[in-house]
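For reference, the structure is listed below as structure tokens.
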Amino acid sequence: MADRVFKSPEARARLAAWDDRFLAKVTAPVERREVPTAAGTVRVLAVGPAGRPPLVCLHGTLSGAAHAAAELGPLADRFRVYLPDLPGHSARGAEYRLPLTDAALAGWLGEVLDGLGLERADLYGISWGGFLALRTAVAAPARVRRLALLVPAGVVGGPTWKGITRLMLPLMWYRLFPSERRLRRFLANLLTVWDDDWAKYLGDAFRDFVLDLRIPPLATDAELRGLSAPVLAVGAAEDLSFPGGKLVDRVKGLVPGAETEQVAGSKHLPPTTPEFRRWMADRVTAFLGGPTPSPG
């Protein structure tokens, strides 16, 4: 049975227009593919040269494959990046929300990998996409070669009171009485740098989506210790949702051989700048053992 993901057909159309706008920012070659799954047909964007090593990138909530593709930077030149639209979290995704169970999450991603002809894949998960990637690595380790996580859900939680006063209350006031001032107040605790497109998009997204208020369960100590795939975890020092210091400490303490980074001064949405895109691309490339970045 379909879930209600969007407030109205008009809301979904508005978000789809934003999807087109972000996709237009991608300068690398883009191929659109459709992959059938039990949760509906999935649009997958294949970005970058066809001969490069494959990398599956899973976007965050309230965004989409096009938004993540616009932030890939040099990764789009070094890898063949596959970006599926996650059901219930994208204007182009199925209007369905996956149950927060390993069987449902890993099963859905397994269907996507099958449709792409990938028996085993490198995964790059961002926020909610990081949660999906992590649960797949726990439940279906044979499908995951390496696991790169950027501000992932499902590893640590944030401070409750700060989350309420600095995120939830400003969001509630913005949704009830939308204005640019209230949007800026809310996004001040979410965006690391002000970006007009991201800010205006999020202003629409937080009003047009029916918010998914389920909290992804945290991985247990035993699950993190038992990960067989090499892990890179990148946290944001000023992330109110998944604090970077806490994230790095837990991953380093539990995941054998894990590589970690903490981005100083970053909130949950990392810098949308060419400098950060290049740094992140270089870090992920080094971790995955991909093509050596060219100088400059």
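The values are calculated or read from the model by the stated rules, or taken from the named source; none is laboratory data. All values derive from a computational prediction rather than experimental measurement. No Cβ is skipped: glycine too gets one built from the backbone with ideal geometry, and neighbour counts run over all protein chains shown.
A few comments on the model shown:
- Residue list for region 1-53, filter: free of Cβ contacts under 8 Å to residues at least 24 places away in the same chain and among the basic types (Lys, Arg): ARG32
- For beta carbons closer than 7 Å, sequence separation of 6+ or different chains, a first residue in region 284-296 that is at pLDDT 90 or above and a second that is of a type in the set (Lys, Arg) and outside any loop (DSSP other than H, G, I, E, B), the qualifying pairs are THR285/ARG78; PHE287/ARG146; LEU288/ARG146.
- Of all the residues in region 104-119, those that are in contact with a helix residue (DSSP H, G or I) (Cβ under 7 Å, 6 or more places away or on another chain) and closer than 10 Å to ARG135 by Cβ number 3.
- Within region 150-159, one or more residues are modelled with pLDDT under 95 and surrounded by fewer than 21 Cβ atoms within 10 Å (Cβ to Cβ).
- Within region 225-270, the set of residues being acidic (Asp, Glu) and in a loop (DSSP other than H, G, I, E, B) comprises GLU238, ASP239.
- The lone exception for ALA233 - which of (1) among the small types (Gly, Ala, Ser); (2) in contact with a strand residue (DSSP E or B) (Cβ under 6 Å, 6 or more places away or on another chain); (3) under 30 Å from ALA13 (Cβ atoms) it fails: (3)
- Per-region count, region 171-189, residues aliphatic (A, V, I, L, M) and within 20 Å of ALA236 (Cα to Cα): 2
- Of the residues in region 254-269, not one is more than 15 Å from GLY125 (Cα to Cα) and without any contact (Cβ under 8 Å) to a residue 24 or more places away in the chain.
- Scan of region 118-175 for residues that are in contact with a Phe, Trp or Tyr (Cβ under 6 Å, 6 or more places away or on another chain), part of a helix (DSSP H, G or I) and not aromatic (Phe, Trp, Tyr), ordered by number: PRO170, LEU171
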